[in-house]
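Only the coordinates and a few stated rules stand behind these numbers; no lab work does. Since this is a predicted model, take the numbers as computed values, not measurements. All Cβ positions, glycine included, derive from the backbone under ideal geometry; neighbour counts span all protein chains shown.
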2 protein chains.
Amino acid sequence: MEKTLLKSLWYKYRSRWQDSHSLLCIGLDPDLTQLPECVLNEKNPIWEFNRRIIDATGKYACAYKPNLAFYLRDGIRGLEALQLTVNYIPEYIPVILDCKVGDIGTTMEQYVSAFLELMDFDAITVNPLLGTDLLKPILEREDGFAFVLTLTSNPSANDFFIKENMAVKIAKWLNNFPPEKIGAVVGATLVTQLKEMRELMPGRIFLIPGIGAQGGDLDAVMHYTKDSDEFPNILINSSRGIIFQDRSPKFAQAAEIAAKNLQERIEIYT
Amino acid sequence: MEKTLLKSLWYKYRSRWQDSHSLLCIGLDPDLTQLPECVLNEKNPIWEFNRRIIDATGKYACAYKPNLAFYLRDGIRGLEALQLTVNYIPEYIPVILDCKVGDIGTTMEQYVSAFLELMDFDAITVNPLLGTDLLKPILEREDGFAFVLTLTSNPSANDFFIKENMAVKIAKWLNNFPPEKIGAVVGATLVTQLKEMRELMPGRIFLIPGIGAQGGDLDAVMHYTKDSDEFPNILINSSRGIIFQDRSPKFAQAAEIAAKNLQERIEIYT
């Protein structure tokens, strides 16, 4: 296999799944107002926090997903923390930047160069509204990968995804692009929607946000979106439910327990 | 008037229009591969470039619009250049960050805090796909302002904006939100589309990209989207057509001439 392919999210995800039997994606959303007090006096609190979270949860993670907003909120120091974080995560665990960008032409090329090349992420999340043009810089890179927003579960997802049927339209449109390059962000909502999304997008990796540590929706998600036993093609994301379990100096151990518990619950279905 | 309102883009735009009679928005998209050689050896090439462009074009600018992608592409140094740029632009000229973000809950709050508070932009561009939830942090701030992507003019704008009628749907949906907080990004395309967009969104500020220094579409844009003589409610954006006219050490003078020419062409209609 080509070296560039070995570096792609598609390959890394499958390899990590086979090695770890984990489908857990840990969202690194280091909200400054929620960080444990013990890291606040560090030179770079977000980096210190992430480093300890990664040390504690690495063995349960199929992937990590930092969200750009939380890093930019801390300015230059935040961008430094983001770079240190992606550098620190072991090469065999895919790292997805949640940035939901969606632009065209040279602008999109700049985002893709910045995130996949300069910062060395394995994949980004993108917003599809501007159409095919925005995927070009991803498709042109041999190791390019993007998760396209297809359905979200926030209250106003109704405005366009549901009421205007955009979720179905985006899902169908994605059939123009290879699953080796393009995955889908699919919010955990109604069972009928989950079923429909998988029927419209077989073989594509689903990044599924909104599963808390308690995992109330996990049952439906696993039943209706698991693709095959060999390759489930899902990543179950949990952010606050794992990283903000505890704000004491033992926050990392608490995150480890939460990650372990959720991953064990996921494993029942695989 | 409240101090916070005086700081808002809505007020600044109207005030700048009255003072300068300019409707020109200058896009600061400092593509590293396009920068003049004479700035490349500076400690921070993008900042050096922007500083000289702003010095030369300030008197013709109704607003500036840096695009986040080009700054992130230069890493930490790029983010520093972005902050220096927004700090340097005179307080009375509005600065719009073109970032096309669109997220929800605490994530969107983080973006809005980062861009409007920490970095002190007057407005951001946003992608509306996730619905009303994403505008909340903008609406909640007294000085909050966002330009919502409503129609773009790239080839694949057809995929969703046109074929799926999303441009019209977004324009109608925007009627739920006050023009003092929410503007619209409207790509310069067909005359019928420009007319329809203004009919659906009277009183709202249009940010209109895609007008080159040659300004082929300017006539249609000015005829069909100008709102009233008192307040035209448009910003005509030009990026490369102004800032990359010349790559010699005289690049700033060339940008000044291009800005002057385009603004003079715009003024004919006002």
TODO: Shortest first and in nm with one decimal, please list how far the residue A:92 label point sits from its counterparts in the other copies (point 7 Å along Cα→Cβ).
DONE: 6.4
Task: Dipole-positive endmost among B:132, B:149, B:115 within segment B:73-153 (Cβ charges, Cα centre) - done: B:149
Open item on the list: At 7 angstrom along the Cα-to-beta-carbon line, where would the label on residue B:120 sit relative to the other copies? Give the distances in nm, shortest first.
Closed with: 3.5
Open item on the list: Take the residue pairs B:136/B:195; B:7/B:181; B:59/B:260 and return only those whose Cα atoms are more than 18 Å apart.
Closed with: B:136/B:195
- [ ] Rank these for me by crowding, A:239, B:153, going from fewest to most other beta carbons within 10 Å.
- [x] B:153, A:239
- [ ] Tell me, rounded to the nearest percent, the portion of alpha carbon pairs in segment B:105-170 spaced more than 14 Å apart.
- [x] 60 percent
Open item on the list: Let me make sure I get this right: for segment A:146-270, a, b and c are the square roots of the gyration tensor eigenvalues over alpha carbons, sorted descending. Under 1.5 in a/c it's rounded, otherwise prolate if a/b > b/c, else oblate. Which is it?
Closed with: prolate
- [ ] At a Cα cut-off below 25 Å, give the lysines reachable from residue A:43, other chains included and same-chain residues fewer than 8 away excluded.
- [x] A:65, A:250, B:43
Open item on the list: Quick check on the exposure proxy: order B:189, A:33 from fewest to most C-beta atoms within 10 angstrom.
Closed with: A:33, B:189
Task: Over the protein assembly as shown, equivalent-ellipsoid semi-axes from the Cα gyration tensor in Å - done: 39, 25, 22
Open item on the list: Between segment A:150-198 and segment B:90-116, what is the separation of their alpha carbon centroids in Å?
Closed with: 26 Å
- [ ] Determine, for A:242, A:124, the number of other Cβ atoms within 10 Å of each Cβ, and report the residues in order from fewest to most.
- [x] A:124, A:242
Task: Global size of segment A:1-126 as Cα Rg and Dmax, reported in angstrom - done: 14.9, 47
TODO: Compute the separation of the alpha-carbon centres of segment A:1-60 and segment A:225-270 and state it in Å as a whole number.
DONE: 12 Å
TODO: Report ³J(HN,Hα) in whole Hz for each residue of segment B:69-85, in order, from the Karplus equation J = 6.51 cos²θ - 1.76 cosθ + 1.60 where θ = phi - 60°; Gly and Pro get x.
DONE: 4, 5, 7, 4, 4, 9, x, 4, 4, x, 5, 4, 4, 5, 5, 4, 5
Task: Phi-based couplings in Hz for segment B:52-62 (Karplus 6.51, -1.76, 1.60; Gly and Pro marked x) - done: 6, 5, 5, 3, 7, 10, x, 6, 9, 8, 8
- [ ] Kindly provide the Kirkwood hydrodynamic radius of segment A:3-264 in Å, to one decimal, from all pairs of distinct alpha carbon atoms.
- [x] 18.5 Å
Task: Dipole-positive endmost among B:85, B:95, B:231 within the protein assembly as shown (Cβ charges, Cα centre) - done: B:231
Task: Sum of side-chain charges, residue B:194 neighbourhood, beta-carbon under 13 Å (Lys, Arg +1; Asp, Glu -1) - done: -2
Open item on the list: 5 Å is the cut-off here: which amide hydrogens, built 1.01 Å from N in the peptide plane, fall below it relative to residue A:123, excluding neighbours closer than 5 in sequence?
Closed with: A:95, A:97
Open item on the list: Under a crude label model (7 Å from the Cα following the beta-carbon direction), how far is residue A:84 from residue B:118 in nanometres?
Closed with: 1.5 nm
Open item on the list: Using a 7 Å offset from Cα along the direction of the beta-carbon, what are the separations from residue B:199 to the same position in each other copy, nm, ascending?
Closed with: 3.9
